[in-house]
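Only one structure is covered here, and it is reproduced in the block below.
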Amino acid sequence: MLNKKIIYLAIISTISLLIVACSSQEYTTAKLAIQQSDFAKAEEFLPKAMAIEPDNPEIPIVMGVEIYAKDGDWINMVAMYNKAMEINPEKVVEIRGAFISVKDAVNNYTEFYWAKEFNIGVEQFKKIKNDPDNKPAYLETAIQHFSNAALINPTDANTHATLAKCYFDLGDKDLAVKAALTAVEINPDNFEANFSAGQILVRAGLTSEEVLPYYEKAASLEPSNSKVLRELAGMYYDLGQKEQSIEVFENAISNEEDNIVKSNLFYNLGVIHNQMQNYEGAEKSFDEAFYLNDEDYEALEGMVHIYDSLGDQYLEGSNGFEKDLNEAYRWYRKAEKKIKDALIINPDEADKYKKILKQLRYKKGIAEGN
C-alpha cells in the first residue's frame, strides 16, 4: 500500500512539473506576483507572457480578472476575454485555483462583474426615494454604473433600457432615446426592450406613428401582456384606428386561458369602449372582467363611471340623449349599487367611494324631483 502511495505522489509531482514546464518564465513570474498581491509586477509580466505564449487563452483571462477588472478598466477586461475566446473557447484553464473551460470562465466573470455594476446602479436609484432632493446626483452615479454594466455585457438589452429611463429622469431626452433604441437594436426580439423603447419615445415627444412599431413588436412577443396591449390599443386609438384598438384586445382575449389575465384584458377593452362612448360594449366588457375576477374592484369602478355618465346625459338631455328623469334615476341607482359593491371589496378606498356615493345620491334626488 505504501509503495502505491509513493508511485501516486510521484505521478502527481511529475504532472505538476510538466504544467510548470509548459508555462513560460514570464507567466510563472506573473502568477507568483499575483499570489503575493504584487499587481504592478503582474501587470508588467502578463503582457510579456502573452507575447511568448500567444496560443494560451488562460493568460488574457487572468489579466482581465486580476488586472483590468480590479482597476475597473472594463473595456480592456472585455478585450482580454474576447481574445481568450478567439484562441480556444473550449480549452480548460486554471483561474484562481479552479479548472474551467475558457467559455465558462468568460461567461462567469462577465456575469459576475455585470451584476456587480448593475446592482450598484440599482442601489443608487433606490436612494432617490428616501432622498429626492439629491435625485440628480444619484441618477448620475447610477448612470455611471449602468454604463459600466453595458460595457461589460453590451448584449444585455435590459441594461440599455434601464439607462434610457435614467437619462430621461435626468432630463436628457436625446441620450434616453439613443439608449432605448440601442436596447432594441441589440436584441430586437426582447419584450422589455421594445416595450421600454415605446414608453421612452412617447415621453420624449415622438409621434404615434414612430412609436407604434415598438408596441406592435412587444405585443407580438407577449400577446397577452395587458400593459403593452393597452398602450398599443391607445396608439391605434390616437391614430384614428379605433376598430383595430378593439381588435387588439379581442384577439388577446380569445387566446388567453388564465381567468385573471383575461379579466384584465376585458377591463382594458372596457376602457377603450368607454373612450369611444360605446357604453354597451364597455358595460359588457367590465361585467365580463368582474365575472372572471370577483375581486376586480376596478371593473366595478368602470361600471360606476358608465352608469353615472349615462345618468348625467339623461338628466341633462345632452350628447344626443333625450332628457328622461326616470332613465337618469335608473342609471344613478345602478351606479349606486356598484359603488357599494366596490366598497365591500376594496375598503381601503372607503373615503373615495363615500364621496362618489354622496354625489350619486344627490343627483338621484334631483332625478326624483327632490
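The values are calculated or read from the model by the stated rules, or taken from the named source; none is laboratory data. Keep in mind that this is a model prediction, so the values were computed, not measured. Positions of Cβ are backbone-derived with ideal geometry, glycine not excepted, and every protein chain shown enters the neighbour counts.
Here are the numbers for the structure shown:
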quantity: Enumeration of residues in segment 289-318 that are crowded, with 17+ Cβ neighbours inside 10 Å and farther than 20 Å from TYR267 by Cα; calculated: GLY311, GLN313, TYR314, LEU315
quantity: SER263 vs. criteria touching a Gly at 6+ places or on another chain (Cβ under 9 Å), assigned to a helix (DSSP H, G or I) and buried (at least 19 other Cβ atoms within 10 Å of the Cβ); calculated: no
quantity: Which listed residue is closer than 19 Å to ALA69 by Cβ, in contact with a helix residue (DSSP H, G or I) (Cβ under 6 Å, 6 or more places away or on another chain) and among the charged types (D, E, K, R), from GLU117, GLU94; calculated: GLU117
quantity: Options ALA105, ALA115; residue that is aliphatic (A, V, I, L, M), surrounded by 13 or more Cβ atoms within 10 Å (Cβ to Cβ) and touching a strand residue (DSSP E or B) at 6+ places or on another chain (Cβ under 8 Å); calculated: ALA105
quantity: Residue identified as touching a His at 6+ places or on another chain (Cβ under 7 Å) and touching a residue at least 24 places away in the same chain (Cβ under 8 Å) among ALA299, ALA328, ALA282; calculated: ALA282
quantity: The one condition in (1) assigned to a helix (DSSP H, G or I); (2) within 28 Å of ALA79 (Cβ to Cβ); (3) among the β-branched types (Val, Ile, Thr) that ILE128 fails to fulfil; calculated: (2)
quantity: Failed condition for GLU257, given (1) of a type in the set (Asp, Glu); (2) in contact with a helix residue (DSSP H, G or I) (Cβ under 6 Å, 6 or more places away or on another chain); (3) not in a helix (DSSP H, G or I); calculated: (2)
quantity: Total residues in segment 319-339, condition crowded, with 19+ Cβ neighbours inside 10 Å and out of contact with any helix residue (DSSP H, G or I) (no Cβ under 8 Å at 6 or more places or on another chain); calculated: 0
quantity: Candidate set from segment 155-183 (those that are assigned to a loop (DSSP other than H, G, I, E, B) and more than 17 Å from GLU140 (Cα to Cα)); member that is nearest to the chain's Cα centre (by Cα); calculated: ASP156
quantity: Candidates PHE112, PHE118, filtered to the one that is within 30 Å of VAL211 (Cα to Cα), at pLDDT 95 or above, of a type in the set (Phe, Trp, Tyr) and assigned to a helix (DSSP H, G or I); calculated: PHE118
quantity: Test result for ALA335, more than 30 Å from ALA252 (Cβ to Cβ) and of a type in the set (A, V, I, L, M, F, W, C); calculated: no
quantity: Subset of segment 70-82 (residues that are modelled with pLDDT of 95 or more, in contact with a helix residue (DSSP H, G or I) (Cβ under 7 Å, 6 or more places away or on another chain) and either more than 13 Å from TYR113 (Cβ to Cβ) or of a type outside the set (Val, Ile, Thr) (or both)); calculated: TRP74, ASN76, MET77, MET80, TYR81
quantity: Segment 340-370, subset within 24 Å of GLY317 (Cβ to Cβ) and hydrophobic (A, V, I, L, M, F, W, C), residue surrounded by the most Cβ atoms within 10 Å (Cβ to Cβ); calculated: LEU360
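Residue-by-condition table, conditions (1) out of contact with any Gly (no Cβ under 8 Å at 6 or more places or on another chain); (2) over 18 Å from VAL184 (Cα atoms); (3) not basic (Lys, Arg):
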site: GLY205; (1), (2), (3): yes, yes, yes
site: SER208; (1), (2), (3): yes, no, yes
site: LEU221; (1), (2), (3): yes, no, yes
site: GLY234; (1), (2), (3): yes, yes, yes
site: VAL248; (1), (2), (3): yes, yes, yes
site: ALA252; (1), (2), (3): yes, yes, yes
site: GLY270; (1), (2), (3): no, yes, yes
site: GLN275; (1), (2), (3): yes, yes, yes
